[in-house]
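Chemist: The structure under discussion is supplied below as structure tokens; questions concerning it will follow.
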Amino acid sequence: MNKISLSLALIALILSISSFFYFKSDSELVYVDINKLMDGYKRTSIEKSKFEEKAKLMQSNVDSLVADWQNELKIYEKERLSLSKKEQELKEELLGNKQERINNYQKAIQGKIKEEDQKGSQTILNDINDYVKEYGEKHKYRIIFGASGSGNIMFANEKSDLTEEILDGLNKEFLGK
């Protein structure tokens, strides 16, 4: 009888230890949907609006320079026949130089717009990453995976999806600032 009790106690101990590790590892491996976090994070829409306003202003500067150049070109086309050959060459050279400067400026503005967009996106990603790290440490997760729809997580149980919980906390933290 004593051997049976000891065997049952040993089996119960092994089952409880193995179930502890089985259930513990299941709860430590969770994920968040990065795209949903980016879209649902309140700061994203604010930063996007700021960026669009800034990009629109930069582009309008380029557009006005192009419009001025086009007006000068139209005026030149009207006056061309009344100008001497030397005056025509000089005016064409000036218009060509101005067009080149506008093109260079336009490329610089496009680079600046791209840089501003990347900077805004990186700020948002940094917020999300910092919050997820704090959240993971607070709730003692070993790993929080980031799913982006590009195949890095092919399947996960919905119970492992922390996206909504993270998004709620992230927005509360942002709005509380």
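Computed from the coordinates by the stated procedures, all read-outs in this text should not be read as laboratory data. Every value quoted in this text rests on a predicted model; they were computed, and no experiment measured them. Positions of Cβ are generated from backbone atoms using ideal geometry, with glycine treated the same way; all protein chains shown enter the neighbour counts.
Chemist: Hey, what do the phi angles of the range 109-115 turn into as Karplus ³J(HN,Hα) couplings, whole Hz, using 6.51/-1.76/1.60 and θ = phi - 60°, x for Gly and Pro?
Modeler: Per-residue couplings from phi come out as 5, 4, x, 5, 4, 4, 4 Hz.
Chemist: Still on this structure: I'm a student and want to see the number: the projected area of the Cα convex hull of the range 58-141, averaged over all directions, in nm².
Modeler: Numbers: hull surface 26.0 nm².
It is 6.5 nm².
Chemist: So between Lys85 and Gln122, what do we pick up on full extension, going 0.36 nm a residue minus the alpha carbon distance?
Modeler: Numbers: separation 37, 0.36 × 37 = 13.32 nm, distance 5.52 nm.
That pair, Lys85 and Gln122, stretches by 7.8 nm at full extension.
Chemist: Then there is this: For Lys159 and Lys78 in one chain, what is 0.36 nm times their gap in residues minus the Cα-Cα distance, to one decimal in nm?
Modeler: Values: separation 81, 0.36 × 81 = 29.16 nm, distance 7.30 nm.
Roughly 21.9 nm would be gained on extension.
Chemist: ³J(HN,Hα) across the range 33-40 via Karplus (A = 6.51, B = -1.76, C = 1.60, θ = phi - 60°), whole Hz, x for Gly/Pro?
Modeler: The phi angles translate into 8, 4, 4, 5, 5, 4, 6, x Hz.
Chemist: So if we plug the beta-carbon distance of Asn104 and Lys56 into 1/(1 + (r/R0)^6) with R0 = 22 Å, what FRET efficiency do we get, rounded to 0.05? Could you put the intermediate results ahead of the total?
Modeler: On the way: r = 21 Å, r/R0 = 0.95.
Calculated value: 0.60.
Chemist: Ok, one more. Quick one: what do you get for the range 43-93 if you divide its Cα Rg by 2.2 N^0.38 Å? Mind showing how you got there, number by number?
Modeler: Details: Rg = 19.0 Å, N = 51, 2.2 N^0.38 = 9.8 Å.
Dividing the Cα Rg of the range 43-93 by 2.2 N^0.38 Å gives 1.94.
Chemist: At a Cα cut-off below 24 Å, give the lysines reachable from Lys54, other chains included and same-chain residues fewer than 8 away excluded.
Modeler: Lys42, Lys107, Lys112, Lys114, Lys119, Lys177
Chemist: If you place +1 on the Cβ of every Lys and Arg and -1 on the Cβ of every Asp and Glu, how big does the dipole about the Cα centre of the range 27-177 come out, in debye to the nearest 20? Intermediate results must be reported in sequence, preceding the final value.
Modeler: On the way: 26 positive and 29 negative charges, 68 e Å.
For this selection, approximately 320 debye.
Chemist: Quote the Stokes-Einstein diffusion coefficient, in whole µm² s⁻¹, for the range 24-176, based on the Kirkwood radius over alpha carbon pairs, a temperature of 4 °C and a viscosity of 1.567 mPa s. Could the numbers behind the result be given before it?
Modeler: Details: Rh = 19.7 Å.
It diffuses with D of about 66 µm²/s by this estimate.
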